[in-house]
1. How much net charge surrounds Lys42 when only other residues with a Cβ under 12 Å from its Cβ are counted (Lys, Arg +1; Asp, Glu -1)?
2. Show me 51-62, 94-105 ranked by packing, highest mean number of other Cβ atoms within 10 Å first.
3. How far, in nm, would the chain grow between Arg48 and Tyr99 when pulled straight, counting 0.36 nm per residue and subtracting the alpha carbon separation?
4. For region 44-53, take each phi angle, set θ = phi - 60°, evaluate the Karplus expression 6.51 cos²θ - 1.76 cosθ + 1.60, and give the result in whole Hz per residue in order, putting x for glycine and proline.
5. Give me, ordered by chain and number, the residues 5 or more places off Ala68 or on other chains with an amide H under 5 Å from its own placed amide H.
6. For Trp77, Trp84, what ranking results if the residue with the fewest other Cβ atoms within 10 Å of its Cβ goes first?
7. Between Arg110 and Thr92, what is 0.36 nm times their sequence separation minus the Cα-Cα distance? Round to one decimal in nm.
Amino acid sequence: MESQHETLVRLLQADLVPIAHVSFNQMYTGYSRRYGTVIFVKVFGPDRERKFRTEQQVTAQLTNRVLAGFQLASHEWVLVLRDWQLTPVPKTLTPALVYQMGRLVSQFHRAVQLPTIQNLMPVLDFDGMVARVDRLETSPHYSELVTLLQ
């Protein structure tokens, strides 16, 4: 049986090197003959489709890095991006650097339109919410909660 790494190497025609990272995702980088460029590959678990789709759509809004997105036969979700040379954040933060970082975060939030709620967000359970609010009937905030619930 082919490993995930071997499958990705074959599908992407790439010399992929795993990237050690603390996240729940598996990541690889390397040159892809299929795309003719160095790629960054992020593999999301089978239960992380929403995270995969959100990252794919947000990245596509901000850059032209998205090359492909697909699901493997083993049910993991794969996002293939053009690789970027990242610059590590210095260990010592200056007020000027923090200000610059804040401006970039602000630009990001102004530019990004979140993907459609119905496709990416769980359905709100209003019946369950009513039951939870009703359990708080003895709370001093109960009337406020009932008003908010309406």
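Quick note: the coordinates plus some simple rules give every number you see, no bench work behind them. Keep in mind that what you see is a predicted model, and the values were worked out from it rather than measured. We place every Cβ from the backbone using ideal geometry, glycine too, and count neighbours over all the protein chains shown.
1. 0
2. 51-62, 94-105
3. Result: 15.1 nm gained on full extension.
4. Once θ is set to phi - 60°, the couplings for region 44-53 become 9, x, x, 8, 10, 4, 4, 4, 4, 5 Hz.
5. Val80
6. Lowest to highest Cβ neighbour count: Trp84, Trp77.
7. 3.7 nm
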